Amino acid sequence: MARLTIPELKSRKGRGGLVMLTAYDYPSAKLAAAAGVDVILVGDSLGMVVLGYDSTVPVTLEEVLHHSKAARRGAPGVHIVADLPFMSDATPERALSAAERLIKEGGADSVKLEGAKLEVIKALLAAGVPVLGHLGLTPQTAGSLGGYKVQGRDSLAAKRLLADALALQDAGVWGVVLEMVPAQLAQLISKQLNIPAIGIGAGGDVDGQVLVFHDLIGVFDRFKPRFVKRYLEGGSLIRDAISAYAADVRSGAFPAEEHAYSMEQGELEGLYGEKD
Ligand code: KIV
């Protein structure tokens, strides 16, 4: 499979069904690729679902880089977006240096950054780095937004979000993630844009959806936002499998003969000293 290019991604506008999924390692990226996702996001959500942090704020560039490399090895044919972690996009200079590493070393095709940081976005695009925007609930600054809350519920905030989305489009991003915004607002924003709007908790009237891998397979259980649909209760399935393994080890049922290796009889006799 060939990776989707920026013109191909932009051409998905208005067609619906653009599928984005996070993946942070070789096996999850390989599975996502085999299932035919369009775009893999090495999101800084990895800090919460893989590394056990309380938020995405502590995630470092080295961590995103490490996981991008693994995801790239698992999905060589899929367009990968890597997140710019908190503060790595504080200035154009920092963002350029972070994006350089994510693309050259991490194998990413685009970077995503949160908020309407137009100066930074323009610098990245001028340097040839494709950018995906992210508006609405922006987890790196959730504290300033009043927590993990729906954004743009009142008309003033909604107008600001629409203006930001249009400004990102004018700056040249290839698409915009809309996180936790009312479905009616997401629909309106998507209609006004000529680039893909990718929703997460933004209803179905957008061009695509993104979900976090560990939410989709049910292995992240600290909280479950309303927008998450679990397609597997992976947490309980995996826990049951581990319990069965532990029970087999304790009862002696594992390993069985088929899991063991054997020696030739003659060699065995030599081992016991019956052969010179
Ligand atoms: O980090 C992430 O996984 C994200 C998605 C929730 C869009 O930014």
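Give, as a single signed number, the net charge of other residues whose beta carbon lies under 9 Å from the beta carbon of Gly201, with Lys and Arg counted +1 and Asp and Glu -1.
0
So what are the ³J(HN,Hα) numbers for segment 11-28, from phi and the Karplus equation (6.51, -1.76, 1.60; θ = phi - 60°), rounded to whole Hz, Gly and Pro as x?
6, 7, 4, x, 9, x, x, 6, 10, 10, 9, 6, 7, 10, 8, 4, x, 5
With +1 on the Cβ of every Lys and Arg and -1 on the Cβ of every Asp and Glu, and nothing else charged, how large is the dipole of the chain about its Cα centre, in debye rounded to the nearest 20?
In total the dipole reaches around 1640 debye.
How large is the dipole of segment 217-276 about the Cα centre if only Lys and Arg carry +1 and Asp and Glu carry -1, each at its Cβ, rounded to the nearest 20 debye?
So the dipole magnitude of segment 217-276 works out to roughly 1220 debye.
Tally Lys/Arg at +1 and Asp/Glu at -1 over every other residue whose Cβ is under 12 Å from the Cβ of Asp44; what's the total?
-3
Ordered by packing density, taken as the mean number of other Cβ atoms within 10 Å over each peptide's residues, highest first, how do 138-148, 92-102, 255-265 rank? If you can, show how the numbers build up before the last one.
Working: 138-148: 14.5, 92-102: 19.1, 255-265: 7.5.
Highest-to-lowest ranking by the protection proxy: 92-102, 138-148, 255-265.
Tally Lys and Arg at +1 and Asp and Glu at -1 over the other residues with C-beta under 15 Å from the C-beta of Gly172: what net charge comes out? Each step should come with its number before you reach the end.
Details: positive: Lys10, Lys13, Lys112, Lys117, Lys122; negative: Glu119, Asp164, Asp170.
Around Gly172, the surrounding residues sum to +2.
As a test of the formula, what do you get for the chain when each DSSP H run with n ≥ 4 contributes -39,500 (n - 2.57) and the sum is divided by the residue count, at 222 nm and rounded to the nearest 500 deg cm²/dmol?
-11500 deg cm²/dmol
Read-outs throughout are calculated quantities, based only on the coordinates presented, and are distinct from any laboratory measurement. These figures come from a predicted structure and were not determined experimentally. As a convention, Cβ positions derive from the backbone with ideal geometry for all residues, glycine included, and neighbour counts pool all protein chains shown.
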